[in-house]
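Heads up, the thing below is written out as structure tokens.
Read the figures in this text as sums done on the coordinates, not as results from a lab. Not measured: the values here are computed from a predicted model. Cβ: placed from backbone, ideal geometry, glycine included. Neighbour counts: every protein chain shown.
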Amino acid sequence: MVDAQHEVEILLIEDSPEDAELTIRVLKEQNLANRLVWLKNGALALDFLFGRGTYATRNVVETPRLVLLDLSLPKVGGLEVLRQLKVDPRTRKIPVVVLSSSTQDKDILRTYDLGVNSYISKPVHFEEFAQVVTQMGLYWMLINKPPKES
Amino acid sequence: MVEEHDADVRKVNAQLQRRVAELTRQLEAAGRDLESFSYSVSHDLRAPLRAIDNFSSILQKEYADKLDAEGRRLITVVRRNAVRMGTLIKDILAFAHAGDRELILADIDLEALARDVLEELAPSFAGRRVDVQIHGGALAGGALAGGASAGLPHIRADTAAIRKVLLNLLANAIKFTRPRELAQIEICATAVGNESICSVKDNGVGFEPEYGHRLFSIFQRLHDEEEFEGTGVGLGIVKRIIDKHGGRVWAEGSPGVGATFYFSLPGANT
């Protein structure tokens, strides 16, 4: 993990240490986790993104290139994090990929209503999980073209 | 007298309305319970399973050389059961969702649907000799005599749901005829009185008739898993769908000879 003052490429918001470890492990194998920050709850994630509380000194302009967001989070839930990210002009352009255990249509619909960029239901089994996270990471970090402020 | 009678009617009406409101509340609560149950199954059970499956895989892949033969065998047991639990969770969800959708009734060409399902299943019996007969008029198993070799009648039911019923019944017929040199499967349907009865017969391993009633309960299996794979959810789904249509399901079988599965749907529509 890197010092939060430096530019962060991926912000992983995930309360399960096991899921976080697996995700980071797969991203590392693709060399995508060099500048990854992992936060365990929604409140901390909002502090980080908006430069408040623990992260009061962080330069908010340096937005992560990608946010990986779990939905069931303690304190502030994933949907609320997503909502706040997508209504604030400073953060609304950051691609947000929801990584959730839920395959329920209702959950998927709500995230798209709030402006999510992609929804991935976390596979249970190893091969599939590694493959999905690899493809997702490569796509968003290497293939996708992010908007640039001119 | 008339006024007294009116008052009674009003009283009974009011009671009925209260009762209906109460039952509706209970039904809504049950629906919410089922919803939160399937959410819990899909989310809360999957998360720990993902950890078990993934970390045991990593152990197997990256630490195999540090384990002796017994250690490697033990990891294989963990791995196999993690996969099995994943299948069970998937099947519980499929069962829960089998009956929760509103039925959309339409005229169904049963024969076309059966052929379509067979085509989907074709890869599962590639290289085997499987003979499938489809005919209307008489039921498989000879339960009803009558003219044969007519086409299947049309029925009025939910197409997606009946497709799932045929898929499960035919997949079973294909699976349980695996030991046979020539698998023979017969799909029949006919209108009897005001209902349509459809049957799928096979010459597979069959079952002891005294256990027949247990077949349609979820996760009941009559065969060893090493012999025939599956969690035992298929016929549970069939029953749930046919129940929802207001029909019946039943089965006849004899060990070593074969099995016939029947379902009925109300409202014959030939």
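Considering only A:LYS122, A:LYS75, A:LYS40, the mean-square fluctuation computed in a Gaussian network model of chain A, springs between alpha carbons under 10 angstrom, is largest for A:LYS75. Kirkwood analysis of the range B:105-266, using all unique Cα-Cα pairs, places the hydrodynamic radius at 15.7 Å. log10 I(q)/I(0), Debye, Cα-only chain B, no solvent, q = 0.09, 0.11, 0.12, 0.16 Å⁻¹? Log-scaled intensity ratios, in q order: -0.57, -0.77, -0.87, -1.23. The loop-placed GluC sites (Glu not before Pro) in the range B:166-245, going by DSSP, that have at most 16 neighbouring Cβ atoms within 10 Å of their Cβ come out as B:GLU181, B:GLU225, B:GLU226, B:GLU227, B:GLU229.
Count, for each residue of A:118-128, the Cβ atoms from other chains sitting within 10 Å of its Cβ, then give me the mean as a whole number.
5
A cut-off of 5 Å between modelled amide H atoms, ignoring neighbours fewer than 5 places along the same chain, links B:ASP158 with B:ALA106.
Based on every Cα atom in the range B:50-128, Rg and the maximum pairwise Cα distance Dmax equal 20.8, 63 Å. Springs between alpha-carbon atoms under 10 Å, Gaussian network over chain A: tell me which of A:VAL81, A:VAL124, A:VAL60 tops the mean-square fluctuations. Among A:VAL81, A:VAL124, A:VAL60, the largest mean-square fluctuation in the Gaussian network model of chain A belongs to A:VAL124. Can you compute log10 of I(q)/I(0) for the range B:205-260 with the Debye formula, treating each Cα as one identical point scatterer, at q = 0.24, 0.25, 0.27 Å⁻¹? Rounded to two decimals, the profile gives -1.01, -1.06, -1.16. Grouping the Cα pair distances of the protein assembly as shown into 20 Å bins from zero gives a pair-distance distribution of 21, 39, 31, 9, 0 percent in increasing distance order. Fewest neighbouring Cβ atoms within 10 Å first, the residues B:ILE58, B:ILE104, B:ILE92 line up as B:ILE104, B:ILE58, B:ILE92.
Between A:GLN135, A:GLN104, A:GLN84, the residue with the greatest mean-square fluctuation in the GNM of chain A (Cα pairs under 10 Å linked by springs) is A:GLN104.
Add -39500 (n - 2.57) for each DSSP H run of 4 or more in the protein assembly as shown, then divide by its residues: what number comes out at 222 nm, to the nearest 500 deg cm²/dmol? Show your work: numbers first, answer last.
Values: 11 runs with 185 residues, N = 420.
Computed mean residue ellipticity for the protein assembly as shown: -14500 deg cm²/dmol.
The Cα center of the range B:112-128 and the Cα center of the range B:23-55 differ in position by 33 Å.
Volume per residue of the convex hull around the Cα atoms, evaluated for the range B:2-98, comes out as 87 Å³. FRET efficiency for the pair B:ASP116 and A:ARG25, taken as 1/(1 + (r/R0)^6) with r the Cβ-Cβ distance and R0 = 56 Å, rounds to 0.85.
What's the long-distance tail for the range B:143-237, i.e. % of Cα pairs beyond 23 Å?
Values: 1457 of 4465 pairs.
Distances greater than 23 Å cover 33 percent of the Cα pairs.
Provide the net charge surrounding B:ASN13, with neighbours chosen by a C-beta distance below 11 Å and charges set as Lys +1, Arg +1, Asp -1, Glu -1. My count for the surroundings of B:ASN13 gives +2. Inter-chain neighbour count for B:50-60: the average number of beta-carbon atoms from partner chains within 10 Å of each residue's beta-carbon is 5. At the listed q of 0.16, 0.18 Å⁻¹, the Debye profile of the range A:11-144, built from one uniform point per Cα, gives log10 I(q)/I(0) equal to -0.78, -1.01.
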